[in-house]
1. Can you tell me which residue among Ile126, Ile106, Ile76, Ile60 is among the β-branched types (Val, Ile, Thr) and either modelled with pLDDT under 95 or touching a Cys at 6+ places or on another chain (Cβ under 6 Å) (or both)?
2. If I go through segment 44-53 residue by residue, how many of them are part of a helix (DSSP H, G or I) and either at positive phi or free of Cβ contacts under 8 Å to residues at least 60 places away in the same chain (or both)?
3. Checking Lys41 against (1) free of Cβ contacts under 8 Å to residues at least 60 places away in the same chain; (2) closer than 19 Å to Asn161 by Cβ; (3) in contact with a Phe, Trp or Tyr (Cβ under 9 Å, 6 or more places away or on another chain); (4) not in a loop (DSSP other than H, G, I, E, B): exactly one of these is not met. Which one?
4. In segment 96-138, which residue that is part of a helix (DSSP H, G or I) and among the basic types (Lys, Arg) is surrounded by the most Cβ atoms within 10 Å (Cβ to Cβ)?
5. Since Gly67 meets every condition but one in (1) on the phi > 0 side of the Ramachandran plot; (2) within 12 Å of the chain's Cα centre (by Cα), which condition does it not meet?
6. Pick from segment 1-20 the residues that are surrounded by 10 or more Cβ atoms within 10 Å (Cβ to Cβ) and aliphatic (A, V, I, L, M): which of them is modelled with the highest pLDDT?
7. Across segment 76-95, what is the number of residues that are surrounded by fewer than 17 Cβ atoms within 10 Å (Cβ to Cβ) and of a type outside the set (S, T, N, Q)?
8. Would you mind finding the one in Gly86, Gly75 that is part of a loop (DSSP other than H, G, I, E, B) and out of contact with any Leu (no Cβ under 9 Å at 6 or more places or on another chain)?
Amino acid sequence: MTSDEGEKYAFETPVKPDGKIEDWMTRLDEEMKRTLHIFVKREVFNYAKEERVSWISKQIGMIGLVGTQIWWTFGIEDVFRRLAAGDKHAMKNELLKETKDVNDLIALVRTDIDSNLRKLVNTMIILDVHARDIIETFVRDSVMFAKEFEWESQLRFYWDNDKDDIDIR
């Protein structure tokens, strides 16, 4: 599959162009969705095994974006767990991490990278700055619990193991 922007991926199972066109197109559409589901699941799992910029550099746009959003949500909820366990510096430490993440992407976008990766990184910089600003507000306003409105009102991405799919809240 190749997008208009030139991003490419191979189907997990090739779809032969035979039979009625509408049947073939339906099979093609189903395999595209199935393949992307497999890729997202695998790459979300692999995210924590690799340095973030390296992981991002290997992804097609949609997988890079959703994977980082899922892990950002997990990371912030982990911060709330650490706060509850008595780590009073957890949110401030997260703010330092968020700042580093933005700076790492800025450094990457200043290098000679291909146009698709540049689009992905530019989008991720916007998301990362927003994420950093959220955490900065949490630090400023002493947001300490995951059930507080300030966190509940944020767009959060989860990998739901029961559904074996992404859950967006």
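The values are calculated or read from the model by the stated rules, or taken from the named source; none is laboratory data. None of these values were measured; they are calculated from a predicted model. Note that we place each Cβ from the backbone using ideal geometry, even for glycine, and neighbour counts take in every protein chain shown.
1. The conditions single out Ile60.
2. 5
3. (1)
4. Among those residues, the one meeting the criterion is Arg132.
5. With respect to (1) on the phi > 0 side of the Ramachandran plot; (2) within 12 Å of the chain's Cα centre (by Cα), Gly67 is out only on (1).
6. The selected residue is Val15.
7. Number satisfying all stated conditions: 11.
8. Only one candidate qualifies: Gly86.
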